[in-house]
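What follows is calculated from the coordinates using simple rules that are stated; it is not laboratory data. Predicted, not measured: the structure shown is a model, and the values here were computed from it. No Cβ is skipped: glycine too gets one built from the backbone with ideal geometry, and neighbour counts run over all protein chains shown.
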């Protein structure tokens, strides 16, 4: 078998971003739903400290991620295999460090998924041809790796108030704010309807109420509120709002989306955002930079004590 060492590295978000539904483990602890996969091809395409990834497992995961076996170039398959190897390495390290994820934690994650998407998980997965127990196993793997990275990376990173101040002072131009306006809109299908809406508004009708009643735009439920935006951030037809007075109404404006009536709610002059306004944003930026640096150093150390082999010839077949 022709093999060569694996040197490719990936950020944790990429590792966790792929949905993998099966897992072959030699460790004592098994993931929830990790009953035999019935994978037919036992050819080994990679090992991580001697623990194999078979061609059958690769093909199953590759297909579940939406790739076609015959339609993708070899580099895509190799990159995908690198991700599998990296993921297995992290999972094995989590198990070595005796990280545990119990069923209550997994069920909480599934419940959060249900609330976020408002769908029955089992029905949604069945419609996509995905086995619920294998999906549950994937959730377990992700949570194991998340907890490992949180322990070994995130908890080792902090950002001080002094660092935030230094960043603010060194990047003054980054915090210049252009003029911004807060606008409400009503969008309807015909000019006649838009003129009727405008007539009602000029007679004193509440803009938000009329928007909820008539507008076809997504923000109708919030009274047509588009929030704040600066010049150039919206379609050209919206530029009329920058000439309005606070509380003023536009004439009917035609766009590819329909016929609009705008109201200017507020205006913020151009200026520099204060450190109080941007301190959380700066802290997040600095944290992410430190987090990435810490992750890469930790990953390099982890890889130095992990033995990899990848059989690219078997993968090509």
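Report the Cα centroid-to-centroid distance between the range 153-171 and the range 103-127 in angstrom, as an integer.
Comparing the Cα centres of the range 153-171 and the range 103-127, I get a distance of 36 Å.
I need the P(r) histogram for the range 220-308: all alpha carbon pairs, bin width 10 Å from 0 out to the longest distance, whole percents.
Here the calculated profile for the range 220-308 is 12, 27, 18, 16, 12, 10, 3.
Which number do you get for Rg(Cα) / (2.2 N^0.38 Å) in the range 178-267?
0.97
Enter the angle in degrees (range 0 to 90, nearest 10) between the Cα long axis of helix 275-304 and the first principal axis of the Cα atoms of the chain, meaning the one along which they spread out most.
10
Mind checking the full-extension length gain between residue 233 and residue 122? Use 0.36 nm per residue of separation minus the Cα-Cα distance, one decimal, nm.
Once the chain is fully extended between residue 233 and residue 122, it gains 36.0 nm.
Length gain on complete extension for the stretch residue 273 to residue 203, per 0.36 nm per residue less the alpha carbon to alpha carbon distance?
Details: separation 70, 0.36 × 70 = 25.20 nm, distance 3.83 nm.
Computed gain between residue 273 and residue 203 is 21.4 nm.
What does the extension gain come out to for residue 166 and residue 95, with contour length at 0.36 nm per residue minus their alpha carbon separation? Write out the running numbers ahead of the final one.
Details: separation 71, 0.36 × 71 = 25.56 nm, distance 4.01 nm.
Extra length from residue 166 to residue 95 when fully extended: 21.5 nm.
Can you give the calculated 222 nm mean residue ellipticity of the chain, where each DSSP H run of n ≥ 4 adds -39,500 (n - 2.57) and the sum is split over every residue, rounded to the nearest 500 deg cm²/dmol?
-15000 deg cm²/dmol
Give the whole-number value, in cubic angstrom per residue, of the convex hull volume spanned by the C-alpha atoms of the chain. Present the calculation step by step, with values, prior to reporting the outcome.
On the way: hull volume 65.7 nm³, N = 317.
So the per-residue hull volume is 207 Å³.
Between residue 41 and residue 190, how many nm apart are label points set 7 Å from Cα along the C-beta direction?
Going by the 7 Å Cα→Cβ label model, 6.1 nm.
Taking N as the number of residues in the range 101-150, what is its alpha-carbon radius of gyration divided by 2.2 N^0.38 Å?
Relative to the 2.2 N^0.38 Å estimate, the range 101-150 comes out at 1.17.
What angle do you read, to the nearest 10 degrees and between 0 and 90, between the alpha-carbon axis of helix 74-96 and the longest principal axis of the chain?
80
To the nearest 10 degrees, how steep is helix 55-64 against the longest Cα principal axis of the chain, on a 0 to 90 scale?
With rounding to tens, the tilt is 10 degrees.
What order, most packed first, do the peptides 120-130, 283-293, 185-195 have when packing is the mean number of other Cβ atoms within 10 Å of each residue?
185-195, 283-293, 120-130
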